[in-house]
Every structure is written in C-alpha cells, then in structure tokens.
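Before any comments, here is the structure.
The values are calculated or read from the model by the stated rules, or taken from the named source; none is laboratory data. Being a predicted model, the structure only gives us computed values, none of them experimental. Here the Cβ is made from the backbone with ideal geometry for all residues, glycine too, and neighbour counts use every protein chain on show. Remember, those area values only see protein heavy atoms, side chains included, never the ligands or the DNA or RNA. Shrake-Rupley method; radii C 1.70, N 1.55, O 1.52, S 1.80 Å.
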Amino acid sequence: MVLPYKHEPFTDFTDKQNRADYESALKKVESELGQDYPLVIGGEKVYTDNKFDSINPANKSQVIGRSSMAATEHIDKAMEEAKKAFKEWKKWTAEERAEVLFKAAAITRRRKHEISAWMSYEANKPWGQSDADTAEAIDFMEYYGRQMLRLGQGREINDRPGENNTFFYQPLGPGVTIPPWNFAFAIVTGTTVGPIVAGNPVLMKPSENTPVVAYKLVEILEEAGLPKGVLNFVPGDPAEIGDYLVDHKDTHFVNFTGSVQTGKRIYNRASVVQEGQKHLKRVVAEMGGKDTIIVDNDADLDLAAKSIVDSAFGFQGQKCSACSRAIVHQDVYDEVLEKAIEKAKAYTTGNPGEEDVPMGAVVNQKQFDKIKEYIEIGKQEGELAYGGETDDSKGYHVSPTIFKDMDPEGRIMQEEIFGPVVGFAKAKDFDELLELANNTDYALTGAVISNNRAHLNRARYEFEVGNLYFNRGCTGSIVGYQPFGGFKMSGTDAKAGGPDYLLNFLAPKTVTESW
Ligand code: NAD
C-alpha cells in the first residue's frame with residue numbers, strides 16, 4: 001500500500017544529537033574527498049583521461065572529486081544505450097517504475113546527512129540549506145512516484161453507444177536532463193526522476209560545479225534497481241557537449257534548469273528538426289529570476305525585514321527564488337531598511353564543510369567576479385547601506401550586501417546577480433508597489449508583506465510571478481505543496497513538484513473501438 005504523500009521533515013539543528021550526527025557525516029565525507037568519478041553509460045562505469053576538478057568554494061585548494069568528462073562519442077554511445085533501455089523500460093507498469101523511486105527515497109533518507117554533507121562541501125551549502133535540499137530530493141521521488149500511479153490509470157473520457165474510448169499516457173523516448181548547480185541534489189533529482197518515472201530514459205549532464213553530488217543520485221538509483229541504460233551520467237564541458245546533446249536527433253526532450261542565456265539557446269536549437277529526426281523535441285526551460293518582496297504601509301515591519309533578509313542571503317543569495325529587490329512603501333521605508341540592516345549582521349560567512357555557518361562562499365571565481373562587479377555598479381547607481389566586502393584569498397566570500405535608494409530601472413534592480421545582494425527602492429502607494437514589482441523581464445517568485453486584505457486580493461492576480469507568497473519570504477517552496485516555476489523570461493513554468501509536471505514527458509493517446 002502506498003501511503004499519502006507528506007513532505008520530508010527538516011532536521012532540527014538546535015538539537016545536540018542532530019549536530020553531532022551531521023558532524024560525523026562531514027567527517028565521513030572528508031575521508032572520501034578527492035576521488036575519481038566515472039561517466040555511467042548503459043550501467044558501465046567509464047573513466048576518461050580527460051577530467052575536471054570539483055573544488056570546495058570556501059577552500060579553493062580542497063578537491064571534492066575529479067569527474068570524468070564525456071566527449072561526443074560518449075553521448076552517441078549513451079543515446080544508443082538509452083534507446084535500447086527504452087524498449088523495456090516503457091513496458092514497466094507505473095507501479096513498477098514508481099516502486100524504484102520509493103526505494104530510492106528510502107535509500108536517500110538513510111543516507112540523508114551524508115548527501116547533505118557532500119553539498120556542504122561541494123556547493124558550500126550551510127547545514128540547514130543542505131538538509132532542505134536533500135529533503136526536497138526525497139520529496140521529488142515520493143511525489144512523482146505517486147503522480148505516476150495516478151497518471152498510469154489514464155483519464156476518464158466519454159463513450160457513445162456502440163463505442164469504447166480510452167485515454168492514457170505513454171512516454172516520449174530518450175531525453176536529456178541539464179540541471180544547474182545551486183540545488184545540487186534536489187533539482188538534479190527532480191529533473192531526472194520525473195522523466196524517468198514517466199518511462200523515458202535520460203542522459204543527465206550535471207553542472208560542472210557539482211558533479212560529485214549528482215553522481216550520488218546515480219549510485220542511489222542503481223541500488224534502488226533502476227535498469228541499466230535508463231539513467232546515463234554524462235558530465236562534461238558544456239561548450240563541447242551541450243549543443244550536441246540538445247541537437248541530437250534521438251533527443252525527445254530537454255529538461256533544462258539554469259540561466260536565461262543558456263535556456264534561450266537550448267530553446268532555439270531544440271526547435272530545429274535534424275536529419276533523421278522523426279519528432280518534435282519538447283523543451284522544459286526553468287530559468288532565472290529577479291524576485292521582489294513588496295512591503296505595504298500597514299505591514300508587520302519585523303516580519304518584512306526578516307522575510308527580505310532571509311530570502312536575500314540564505315545560501316548566499318544563490319537561489320533562483322532569492323529576494324534581490326525590496327520595494328517598500330515610503331511611509332515605512334526607513335524603518336524596514338534599518339531593521340533589515342540589523343538582521344543582515346547575523347549573516348556572517350564561513351565554511352559549511354567545517355562548521356554550521358549562516359553563509360558559505362559563492363560557487364566559483366566567475367560568480368565571485370560577477371558579484372563584485374555588481375557591487376561596484378550598485379555604488380554608482382545608488383548608495384551602499386550595508387556590506388559590500390569581498391575576499392577571495394582562500395574561498396569566494398561575499399558579505400551580505402544591501403543597497404538603498406535604487407533606481408527601479410537600474411541594473412541592480414533589473415539584472416539577476418545570483419549572490420547576496422539586495423536593492424531597496426521606495427514606492428508612494430500600493431499601485432506603485434505593484435507596478436515596480438512587475439517591471440522586470442522575469443516572473444518567478446515574489447512576496448507581499450501587508451495586513452490589508454484588499455491589497456492582498458489585488459496582488460493575487462496582478463503580481464506577475466509563478467510563485468507568490470503573502471506575509472512570508474519568497475524562497476522555500478515545498479514539493480507537492482508549492483509547485484514551482486515561473487513565466488515571462490523565467491521560463492516555461494513547468495511547475496516542478498506539481499501535479500502536471502510529469503505531463504511534460506508524456507504523450508497522451510486516445511483509442512476508440514466500435515462494437
Ligand atoms: P547555467 O545556465 O550556467 O548552467 C545550467 C546548466 O546548463 C549546467 O548544467 C551547464 O553546464 C549547462 N549548459 C551551459 N551551457 C550549455 C549549452 N550550451 N548547452 C547545454 N547545456 C549547457 O546556469 P547555472 O549557473 O548552473 O545556474 C544558475 C541559474 O539557474 C540562475 O539563473 C538561476 O536563476 C537558475 N535557476 C532556475 C531555477 C528555476 O526553477 N527557475 C532553479 C534553479 C536555478
């Protein structure tokens with residue numbers, strides 16, 4: 001019997017025993033750092049001469065692991081294995097496929113702190129953030145398994161006399177999953193097991209920043225009994241194999257999460273029908289955000305400051321949902337800003353691989369340089385109210401940074417920075433709060449802090465985002481509770497962790513019999 005879905009609880013790190021358990025997991029992982037990792041093609045481990053190092057962002061000299069790199073011939077071989085595997089995998093019933101996910105969820109739950117500890121090193125996730133990431137991955141397995149059980153029954157349609165109609169879903173065929181590094185385990189898992197449980201073999205190309213954590217999913221699914229060739233693991237240089245994966249004539253879908261720049265390129269390329277290709281490719285492209293919290297004049301101002309600061313600086317601001325704009329009613333602007341600066345002081349940076357710190361380092365040199373450049377831009381466009389310090393001597397540390405009195409049309413308020421930087425701007429009334437909230441190319445997450453019911457009612461329909469929150473921060477969606485995704489340039493709004501997600505990887509079929 002399958003119990004109703006309930007999300008995985010988070011670990012309470014105020015509990016001494018939990019902290020001790022997490023510290024043991026960090027020690028275990030530390031003893032395993034620096035190993036070589038293979039590609040996995042048709043169930044076979046392939047070690048290539050060409051490898052890249054994954055490093056700890058808070059300690060550049062610490063190698064987390066060395067990942068083999070796939071070349072185009074490995075992609076061809078992986079696609080052949082996926083096609084072979086598809087012949088059998090598509091015949092497994094929804095129950096049989098879901099069972100693999102439920103088992104994988106149980107294995108992950110058993111290895112929970114260990115997986116989270118890998119993320120504390122490789123992605124520099126503070127303990128609580130890592131724990132939530134692993135919990136989300138477990139949720140994806142449990143939730144998509146159950147969604148497949150539902151969809152496996154098909155849908156009810158009508159019959160006329162002398163006619164029997166059925167409507168059911170079939171998988172598309174092999175496809176490609178390309179996740180980002182920031183939800184190093186959760187998004188890798190969700191974007192991989194979703195298409196797989198729907199019956200489609202996958203070639204998964206993890207981010208070059210977090211290949212080791214992604215490999216843990218391969219281990220877990222293998223242990224859970226996923227047949228060979230259903231998941232092929234092909235890390236590599238996106239400049240060399242990215243287009244090749246997307247363009248491949250046998251790719252049926254591309255399940256992408258990442259930046260707008262990459263998403264647009266994939267969307268464009270996937271639309272071209274290649275020689276020998278006998279289908280149109282589906283593209284799921286979940287992309288960036290420029291997420292805003294608006295604060296009304298009758299709001300709870302402590303709640304407003306806490307929501308802004310936690311959403312802006314949690315995991316170093318490296319969430320697509322992170323708050324990077326606070327638009328505040330002029331009556332309460334100064335007070336909210338002052339409270340936010342006070343709260344930001346708690347967000348000190350350190351190395352989550354060593355201790356439970358509020359923030360780790362940002363992911364790599366490129367991101368560090370980019371954020372530093374934006375801090376300089378911010379100083380020109382407005383006024384630095386707090387933070388702005390950077391240090392890349394040992395790791396890529398950026399202090400929590402608040403800019404005030406920003407031009408809502410300026411670069412700080414329009415472009416995705418993907419770091420711990422938030423800009424404040426003022427609005428004269430609720431109309432202007434909403435207008436400024438909507439003046440970006442993105443539509444991913446947003447929040448309204450207000451005690452005015454009429455204003456909340458208006459925002460429900462007029463605030464242009466895929467995930468809108470009232471009187472809380474704008475991060476932290478939960479699978480099966482807050483299906484996630486955005487529109488406008490934030491993407492195709494696939495709503496990961498929602499009841500319609502698997503339909504992206506299924507072809508509905510109608511069969512009619514007369515008698
Ligand atoms: P990115 O676009 O640099 O990379 C994402 C993935 O695409 C990586 O695996 C990368 O190797 C791959 N890639 C790069 N070039 C490619 C190409 N030409 N062809 C195929 N694949 C290619 O993004 P990132 O830095 O890894 O992630 C951060 C971005 O992801 C931010 O913009 C963030 O907002 C977004 N994001 C969005 C969501 C969402 O649900 N909307 C969730 C998490 C992150």
With the checklist (1) of a type in the set (S, T, N, Q); (2) surrounded by 24 or more Cβ atoms within 10 Å (Cβ to Cβ); (3) without any contact (Cβ under 8 Å) to a residue 12 or more places away in the chain in hand, flag the one item Asn158 doesn't pass. (2)
State whether one or more residues within the stretch 447-463 are open to solvent by less than 40 Å² (accessible area, probe 1.4 Å), more than 16 Å from the ligand (Cβ to nearest atom), among the polar types (S, T, N, Q) and under 22 Å from Ala340 (Cα atoms). yes
What are the pairs with Cβ atoms under 9 angstrom where one residue, in the stretch 218-241, is free of Cβ contacts under 8 Å to residues at least 40 places away in the same chain and the other, located anywhere, is more than 16 Å from the ligand (Cβ to nearest atom) and part of a helix (DSSP H, G or I)? Sequence gap at least six, or different chains. Glu219/Ile107
Enumerate the pairs (first residue in the stretch 23-34 and assigned by the TED database to the domain that holds Ile115; second residue anywhere and acidic (Asp, Glu)) with beta-carbon separation below 8 Å, excluding pairs fewer than 6 apart on the same chain, so at least 6 apart or on different chains. Ala25/Glu114; Leu26/Glu354; Lys28/Glu114; Val29/Glu114
Pro180 - would you say it is within 14 Å of the ligand (Cβ to nearest atom) and assigned to a loop (DSSP other than H, G, I, E, B)? yes
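For the condition open to solvent by 20 Å² or more (accessible area, probe 1.4 Å), assigned by the TED database to the domain that holds Asp139 and not in a helix (DSSP H, G or I), what is the one hit in Pro235, Pro227?
Of the residues listed, the single one that is open to solvent by 20 Å² or more (accessible area, probe 1.4 Å), assigned by the TED database to the domain that holds Asp139 and not in a helix (DSSP H, G or I) is Pro227.
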Checked the stretch 30-68 for anything part of a loop (DSSP other than H, G, I, E, B) and open to solvent by less than 30 Å² (accessible area, probe 1.4 Å); matches are Gly34, Pro38, Gly42, Gly43, Thr48, Pro57, Ala58
So for the stretch 498-515 (the condition being at pLDDT below 95 and either in a loop (DSSP other than H, G, I, E, B) or within 13 Å of the ligand (Cβ to nearest atom) (or both)), does at least one residue qualify? yes
Return the residues of the stretch 240-281 that are surrounded by fewer than 19 Cβ atoms within 10 Å (Cβ to Cβ) and away from the ligand (no atom under 13 Å from the Cβ); say none if nothing qualifies. Lys249, Ser271, Val272, Val273, Gln274, Glu275, Gly276, Gln277, Lys278, His279, Leu280
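Can you confirm whether Gln153 is open to solvent by 10 Å² or more (accessible area, probe 1.4 Å) and in a helix (DSSP H, G or I)? Before the answer, list the steps.
Details: open to solvent by 10 Å² or more (accessible area, probe 1.4 Å): yes; in a helix (DSSP H, G or I): no.
Answer is no for this residue.
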Tell me, please, whether a residue that is in a loop (DSSP other than H, G, I, E, B), open to solvent by less than 10 Å² (accessible area, probe 1.4 Å) and at pLDDT 95 or above can be found in the stretch 324-345. no
Kindly indicate the residue of the stretch 81-120 that is open to solvent by 10 Å² or more (accessible area, probe 1.4 Å) and among the aromatic types (Phe, Trp, Tyr) and also nearest to Val212 (Cα to Cα) among those meeting that condition. Phe102
Subset of the stretch 208-224, residues acidic (Asp, Glu) and either outside any helix (DSSP H, G or I) or in contact with a Lys or Arg (Cβ under 6 Å, 6 or more places away or on another chain) (or both), comes to Glu208
Which condition does Val230 not pass, out of (1) away from the ligand (no atom under 14 Å from the Cβ); (2) closer than 21 Å to Gly485 by Cα; (3) β-branched (Val, Ile, Thr), if it passes all the others? (2)
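For (1) more than 16 Å from the ligand (Cβ to nearest atom); (2) within 29 Å of the chain's Cα centre (by Cα); (3) touching a residue at least 60 places away in the same chain (Cβ under 8 Å), each residue gets a yes or a no:
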| residue | (1), (2), (3) |
| --- | --- |
| Ser307 | yes, yes, yes |
| Ile327 | yes, yes, yes |
| Lys339 | yes, no, no |
| Ala346 | yes, yes, no |
| Gly350 | yes, yes, yes |
| Val357 | yes, yes, yes |
| Ala361 | no, yes, yes |
| Gly382 | yes, no, no |
Please state which of the following conditions Ile187 fails to meet, knowing it meets all the rest: (1) near the ligand (Cβ under 7 Å from one of its atoms); (2) in contact with a Lys or Arg (Cβ under 7 Å, 6 or more places away or on another chain); (3) aliphatic (A, V, I, L, M). (2)
On the basis of being free of Cβ contacts under 8 Å to residues at least 12 places away in the same chain, within 16 Å of the ligand (Cβ to nearest atom) and closer than 19 Å to Met69 by Cα, does Ala214 make the cut? no
Return only the number of the condition from (1) in a helix (DSSP H, G or I); (2) surrounded by fewer than 23 Cβ atoms within 10 Å (Cβ to Cβ); (3) of a type outside the set (Val, Ile, Thr) that Ala78 does not satisfy. (2)
Could you tell me which residue of the stretch 505-514 is farthest from Leu280 (Cα to Cα), considering only residues that are out of contact with any Pro (no Cβ under 8 Å at 6 or more places or on another chain) and open to solvent by less than 90 Å² (accessible area, probe 1.4 Å)? Thr512
Matching option when the condition is under 24 Å from Gly480 (Cβ atoms), open to solvent by less than 30 Å² (accessible area, probe 1.4 Å) and either charged (D, E, K, R) or modelled with pLDDT under 95 (or both), among Lys205, Lys216: Lys216
Note on Asp334: of the conditions (1) within 19 Å of Ile402 (Cβ to Cβ); (2) touching a residue at least 12 places away in the same chain (Cβ under 8 Å), unmet is (2)
